[in-house]
Amino acid sequence: MIKLHDKYFKPFISSAQIDEAIDKLVVEIANDLGDEIPVFVGILNGSFMFTSDFVKKYPKPCEVTFIKLASYEGVKSSDDIQRLIGLTQDLTDRTVVILEDIIDTGKTLVEVHRIFENEKVKSLKIATLFYKPEAYKKDFKLHYVGIEIPNKFIVGYGLDYDNLGRDLPEIYQIKETQHMTNLVLFGPPGAGKGTQAEFLKEKYNLVHISTGDVFRFNIKNETALGMLAKSYIDKGELVPDQVTIDMLNAEVEKNAGANGFIFDGFPRTDAQAKSLDGLMDTKDSAISAMIALEVDDEVLVKRLLERGKTSGRPDDANESIIRNRIKEYYNKTAILKDFYSAQNKYHGVDGVGSIDEITERLSAVIDTL
Ligand code: AMP
């Protein structure tokens, strides 16, 4: 990720992908133009890198010139296109190919066509490296398009955000979610994750997702998901990854505008952790921290048997199922400590004490993030 002025941008199109797109444009244009000597007209400033790389790859003789237009102010395409340097040579009867770095609304193209209105060129073709179909509002034909992109602001490879970023050799896309706090609340069954999540979600205005709670809700309502999950949960085993991941994704999607999430009981496997990273990435976000409540096994068994007297949960009712859940935790889930430690995101917290004491210990970690 990079920061230009006040905004964050994430990597979007690599140098190799740009190179490939230019190769494709070169082949198409060279095939169409045959042995004619075209005049390539780069639109400054944005297309200086594209024009340079394009003509270096062009396999036959050609001429290169530039016109200079200005259209962007900050991250919005402005209505006011200024012509700063126009045509400086006679293009009568020549085949002209405009090389644009990007076409979004198409306003620059209006000015380009105005410039060529009175030139008696043989033909005028438009080639653009990047094209935003959702933003394009004009009817001018685009003869050659490198890469179609969504309607989001990009920088790099000649394109700027208030003059910064033109020098970057690859393309970056603006990060729209500027900040979320996403916590993985971790620890063995009975460590107190659910209890603590209730306090933390209020304090930090986060959405709490407990996969165990969502499964139990589905079991109670006898949904297909509930029926499937029940057979695993009742034995203290983990529900298969894909089922759990799909469910979690749906829960996150239901809360699109959230400030952040507390994930409780998820991820429990390596595959789930990787999938969660991917999901956060689609939100232009990331997991901020894994906070783990550390509690001794014997304390856990005692707590869960105690809870089982009132919780009505079949998986709390019997010591051998409880021990199986703890075993599943050590066999499959505890490895996630390494996953998040490797990203410097693991924070262990002593989970024995009063509820208030533990909330304070957790808050102390969250406040440093
Ligand atoms: P919990 O309420 O977090 O203790 O979860 C209760 C049970 O739901 C677990 O023992 C699993 O059977 C199932 N479960 C909850 N979360 C997951 C998950 N992330 N992956 C697989 N199974 C899960």
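The values are calculated or read from the model by the stated rules, or taken from the named source; none is laboratory data. This structure is a prediction, so every number in the text was calculated from the model and none was measured. Here the Cβ is made from the backbone with ideal geometry for all residues, glycine too, and neighbour counts use every protein chain on show. Accessible surface is based on the protein model in full, side chains and every heavy atom, while ligands, DNA and RNA are left aside. Shrake-Rupley method; radii C 1.70, N 1.55, O 1.52, S 1.80 Å.
Taking the stretch 136-163 as the search range and keeping residues that are outside any strand (DSSP E or B), at positive phi and touching a residue at least 12 places away in the same chain (Cβ under 8 Å), which one is nearest to the chain's Cα centre (by Cα)? Full working, then the answer.
Quick first cut of the stretch 136-163, residues outside any strand (DSSP E or B) only: 136-143, 149-153, 157-158, 160, 162-163.
Add one more test, that the residue is at positive phi, and what stays is 157-158, 162-163.
Next, from what is left, pick out any that are touching a residue at least 12 places away in the same chain (Cβ under 8 Å): 157-158, 162.
Details: TYR157: 20, GLY158: 23, ASP162: 23 Å.
This residue is TYR157.
Give the residues of the stretch 210-231 that are within 10 Å of the ligand (Cβ to nearest atom) and either open to solvent by less than 50 Å² (accessible area, probe 1.4 Å) or not in a helix (DSSP H, G or I) (or both), sorted by residue number. Before the answer, list the steps.
Going residue by residue through the stretch 210-231, those that are within 10 Å of the ligand (Cβ to nearest atom) are 210-216, 219, 229-231.
Matches in the stretch 210-231: SER210, THR211, GLY212, VAL214, PHE215, ILE219, ALA229.
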* Report, by residue number, each residue of the stretch 343-369 that is within 19 Å of THR181 (Cα to Cα), in a loop (DSSP other than H, G, I, E, B) and of a type outside the set (Ser, Thr, Tyr). => GLN343, ASN344, LYS345, ASP367, LEU369
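Answer yes if at least one residue in the stretch 232-254 is basic (Lys, Arg), farther than 27 Å from GLY351 by Cα and surrounded by fewer than 18 Cβ atoms within 10 Å (Cβ to Cβ), and no otherwise. Don't jump to the end; show me each part of the working.
Taking the stretch 232-254 and keeping what is basic (Lys, Arg), we get 235, 254.
From what's left, farther than 27 Å from GLY351 by Cα: 254.
Narrowing the set further to residues that are surrounded by fewer than 18 Cβ atoms within 10 Å (Cβ to Cβ) leaves 254.
Looking through the stretch 232-254, at least one residue is basic (Lys, Arg), farther than 27 Å from GLY351 by Cα and surrounded by fewer than 18 Cβ atoms within 10 Å (Cβ to Cβ).
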* Asked: In the stretch 321-347, what count of residues is obtained for those that are of a type outside the set (Lys, Arg), more than 37 Å from the chain's Cα centre (by Cα) and open to solvent by 80 Å² or more (accessible area, probe 1.4 Å)?
  -> 0
* Asked: So how many residues does the stretch 186-209 have that are within 9 Å of the ligand (Cβ to nearest atom) and of a type in the set (D, E, K, R)?
  -> 1
* So GLU202 clears everything in (1) out of contact with any strand residue (DSSP E or B) (no Cβ under 9 Å at 6 or more places or on another chain); (2) surrounded by fewer than 16 Cβ atoms within 10 Å (Cβ to Cβ); (3) within 23 Å of ASP281 (Cα to Cα) except one condition, right? Which one? -> (3)
* Failed condition for ILE291, given (1) among the β-branched types (Val, Ile, Thr); (2) open to solvent by 10 Å² or more (accessible area, probe 1.4 Å); (3) over 22 Å from ASN218 (Cα atoms); (4) touching a residue at least 24 places away in the same chain (Cβ under 8 Å) -> (2)
* Hits in the stretch 28-58 (condition: hydroxyl-bearing (Ser, Thr, Tyr) and open to solvent by less than 20 Å² (accessible area, probe 1.4 Å)) -> SER47, THR51, TYR58
* To do: Within the stretch 165-185, identify whether any single residue is over 26 Å from PHE9 (Cα atoms) and within 16 Å of the ligand (Cβ to nearest atom), and answer yes or no.
  => yes
* Are any of the residues in the stretch 232-244 of a type in the set (D, E, K, R), free of Cβ contacts under 8 Å to residues at least 24 places away in the same chain, in contact with a helix residue (DSSP H, G or I) (Cβ under 7 Å, 6 or more places away or on another chain) and within 13 Å of the ligand (Cβ to nearest atom)? -> no
* Subset of the stretch 174-187 (residues that are at pLDDT below 95 and either surrounded by 14 or more Cβ atoms within 10 Å (Cβ to Cβ) or among the charged types (D, E, K, R) (or both)) -> ILE174, LYS175, GLU176, THR177, MET180, THR181, PHE186, GLY187
* Asked: Restricting the stretch 262-286 to residues that are open to solvent by less than 40 Å² (accessible area, probe 1.4 Å) and in contact with an Asp or Glu (Cβ under 7 Å, 6 or more places away or on another chain), which is farthest from the ligand (Cβ to nearest atom)?
  -> ASP284
* Asked: How many of the residues in the stretch 258-312 are within 21 Å of ILE233 (Cα to Cα) and assigned to a loop (DSSP other than H, G, I, E, B)?
  -> 6
* Asked: Which of (1) in contact (Cβ under 8 Å) with a residue 60 or more places away in the chain; (2) farther than 20 Å from ARG216 by Cβ; (3) open to solvent by 30 Å² or more (accessible area, probe 1.4 Å) is the odd one out, the single condition ALA258 does not satisfy?
  -> (3)
